[in-house]
Amino acid sequence: MASTDIYLDHAATTPVDPDVFEAMAPYLSDRYGNPSSIYAAGREARAGLDRARGLLANSLNCQAREIVFTSGGTEADNLALKGVAWHNRLRGGGNHIITTSIEHHAVLHSAEFLQQFDFDVTCVDPDEDGIIHPEAVRAAIRDDTMLISVMYANNEIGAIQPIAEIGAVAREHDITFHTDAVQAGGTLDLDVEALGVDMLSLSAHKFYGPKGVGLLYVRRQTPILWQQSGGAQENNHRAGTENVAGIIGMSKALEIAEAERETENQRLIDLRTRLSNGLLERISGTRLNGHPERRLPNNVNISFDGVEGETLLLNLDMNGIAASSGSACTTGSTEPSHVLRALGLSQTQVNGSLRLSLGKSNDEEQVDRVIAVLDESIVRLRRMAAATAD
Ligand SMILES: Cc1ncc(COP(=O)(O)O)c(C=O)c1O
């Protein structure tokens, strides 16, 4: 099998930063204590955990006790939606949830799960650039709306949503507001006060931290029924021995990302511009999906007429390039992307789409090579398709 020389799938996951790995290592070896134990080894693990919680709280501009560590973004999203829904059901509160048609499946499938229990869900559609308008959210509000969940940045097209404006609408109506900030972590500002959110999901492996660890920020007084029963960990909010090394890794990863953010974001924007302009100029029948500027610095989502994204992915892979197609990212699934469909793309356009997500390891030389490989592959595939059609 060809090895990956050029990794262009940073929206799927990122490698662990060596400094993150180093920060985690002691907690996987010598400092193995259970943070709930009262003897020295336990206190040592607890100290590391508390320090990490404090640093993360600083980044989010919240209190340490408002952070609940989870097993990642999926659990955080599940907890946010189901926790608030069940609390409302128990207390005779509202029955209606507003979310969007372009959320990650962790949110969409949680909402669908709740529909089975007779909760009502409204999915707000984006405009053709993938932006969710605050007025569209406002128009969906009912007397019994108890939760609004809108992602900060989209995982497929990178569209950055006006979270602070939507937060203001939610607050005006006294509705709990959650944002899935998994793709925004490390790149965008996570200040929960500026964003006006009551809950925010984060996942470490999207910003050079380890997999299997994340958090849900939950503002004090948020009406939520905690979902995981067991021990008293996380202030009785999420039972189970904490992933100490993972949590320390997540806090180190965010610290590094924030220190590098300004320069790295600009570098990625320059690379993104080079990549998308190169593809749009060199290859005919090409369109950029999502808003041209209001998108993550590392995201290029592009459709090519007359070719299958899956075939392109195989061609890229044979050239040592890893990317993602417009199909669902679940292994073995080739479901067409619900996000691209929501933008109004036809089935054929969705099938001919690629997501190229840049990161720390990429440079201009790699970008130029990707443009050349795609140009060559697309010309060849289109020629083959035309020959078969003759
Ligand atoms: C927007 C978004 N939300 C949630 C998730 C799920 O996060 P995790 O992989 O940590 O479960 C992802 C991961 O791709 C994502 O992109």
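Checking the structure you have, find out if any residue of segment 119-128 is surrounded by 14 or more Cβ atoms within 10 Å (Cβ to Cβ) and of a type in the set (S, T, N, Q).
yes
Of the residues Ser110, Ser3, Ser71, Ser36, only one is in contact with a helix residue (DSSP H, G or I) (Cβ under 6 Å, 6 or more places away or on another chain) and not charged (D, E, K, R); which? Reasoning before the result, please.
On the way: Ser3 fails: in contact with a helix residue (DSSP H, G or I) (Cβ under 6 Å, 6 or more places away or on another chain); Ser71 fails: in contact with a helix residue (DSSP H, G or I) (Cβ under 6 Å, 6 or more places away or on another chain); Ser36 fails: in contact with a helix residue (DSSP H, G or I) (Cβ under 6 Å, 6 or more places away or on another chain).
Going through Ser110, Ser3, Ser71, Ser36 in turn, just one is in contact with a helix residue (DSSP H, G or I) (Cβ under 6 Å, 6 or more places away or on another chain) and not charged (D, E, K, R): Ser110.
What number goes with the only condition from (1) surrounded by 15 or more Cβ atoms within 10 Å (Cβ to Cβ); (2) modelled with pLDDT under 95 that Gly306 does not pass?
(1)
For segment 279-390, give me every one of the strands (runs of 3 or more DSSP E) that falls completely inside it and has 1 or more residues that are in contact with a Gly (Cβ under 6 Å, 6 or more places away or on another chain).
299-304, 353-357
Could you name every one of the strands (runs of 3 or more DSSP E) located completely within segment 145-225 that has at least 2 residues being near the ligand (Cβ under 10 Å from one of its atoms) and of a type in the set (Val, Ile, Thr)?
On the way: elements: 145-149, 176-180, 199-203, 214-218.
In segment 145-225, no matching strands (runs of 3 or more DSSP E) lie anywhere.
Test Gly240 against the stated conditions and say whether it is free of Cβ contacts under 8 Å to residues at least 40 places away in the same chain, in a loop (DSSP other than H, G, I, E, B) and surrounded by fewer than 18 Cβ atoms within 10 Å (Cβ to Cβ). Give the steps one after another, and end with the answer.
Numbers: free of Cβ contacts under 8 Å to residues at least 40 places away in the same chain: yes; in a loop (DSSP other than H, G, I, E, B): yes; surrounded by fewer than 18 Cβ atoms within 10 Å (Cβ to Cβ): yes.
Against the criterion (free of Cβ contacts under 8 Å to residues at least 40 places away in the same chain, in a loop (DSSP other than H, G, I, E, B) and surrounded by fewer than 18 Cβ atoms within 10 Å (Cβ to Cβ)), Gly240 qualifies.
The values are calculated or read from the model by the stated rules, or taken from the named source; none is laboratory data. No experiment lies behind these values; they were computed from the predicted model shown. Here Cβ is always computed from backbone atoms with ideal geometry, including for glycine, and neighbour counts include all displayed protein chains.
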